[in-house]
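One structure below.
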């Protein structure tokens, strides 16, 4: 990352009429997206990019780069709301010592929120045609880093170490590989995800594509919001079984303890940054098409002018994707998972020049490249975890991206 590489951006944001389905407006180039219930931002082209060096200061470096970039920019923004003006989409790796954390400022961003729509362009932008979308065709799946028996052994080893008192919880992830008949058009995946999982945040940054239910932080002015998810059960075959499964999840000591650990990690991270913080005493049930989660919505007001990236840096990794205590959990993950997570379970989202933005945790996702996809899923392992049950939970979570690929 070098100051010499930063060129002043000329940015123009104008109000536009309702664009309809944002995803259908994307051309056939690498897209950027953050969409929920039809609202959010999509982008294409590349006005600026930085790949951040691994290490504990990567969020500091991100803020420094964005600060220089936006301070030098000439911005004409007639809309003046969160997400207007220049916007950077970003993806940070789960492991701070892994390479691949990236910020990209698209040349074009189309957005809609709260009944308003706008278009941001940077520099001279040529029109890019919206070509027809083509499905990926037949999909062949294969084992990822670990086979099923190997992953179940890793879960059993984690349970043994938890029962031995080394830690309270570790989140173990597994991956699958997929090879398509044709190059994978990410627009097809985004369309399927936004249609089937409207409650989730459909995202794409540098090929990392998915629909996450977990909002790490929404930052608007000094207000922040976070949705904590931990504790999972599959959906039932109908309303009665859904209700039964939900009641069992809510009554589960193992899942309630897992959720309490995740909420405590978010509370402890946010408390030093906030003048007020509201943490629910009890979780709610969040029902998605594939699973049910225990969920807690945490809200607060920042005590100073911290940007959304300051909050992301303080929160990551939460207990929901790492474990408790953090240091011991990360050690167990490195020893037992056997793979590099890359952007999976890391922060993903966007930030504007005011420091506002929305960032989620990259869950229910895959890394797409040409005809290949690498799918990810993870499970919170506790003292009472059963390897076969955790494998079934991971399978339920894989269904999101398998649906996106297969339709």
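None of the figures in this text is laboratory data; all of them are computed from the coordinates on show. Computed from a predicted structure; not experimentally measured. With ideal geometry, Cβ positions are generated from the backbone for all residues, glycine too; neighbour counts draw on all protein chains shown.
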Tally, over segment 22-51, of residues that are in a strand (DSSP E or B), under 17 Å from the mean Cα position of the chain (by Cα) and farther than 16 Å from residue 207 by Cβ:
5
Please give the number of the condition residue 47 fails out of (1) surrounded by 14 or more Cβ atoms within 10 Å (Cβ to Cβ); (2) under 25 Å from residue 320 (Cα atoms).
(2)
Strands (runs of 3 or more DSSP E) (entirely within segment 296-375) containing at least 2 residues that are crowded, with 18+ Cβ neighbours inside 10 Å, at negative phi and out of contact with any strand residue (DSSP E or B) (no Cβ under 7 Å at 6 or more places or on another chain)
none
Within segment 142-167, can you find the residues that are more than 10 Å from residue 381 (Cβ to Cβ) and touching a helix residue (DSSP H, G or I) at 6+ places or on another chain (Cβ under 8 Å)?
146, 148, 151, 152, 153, 166
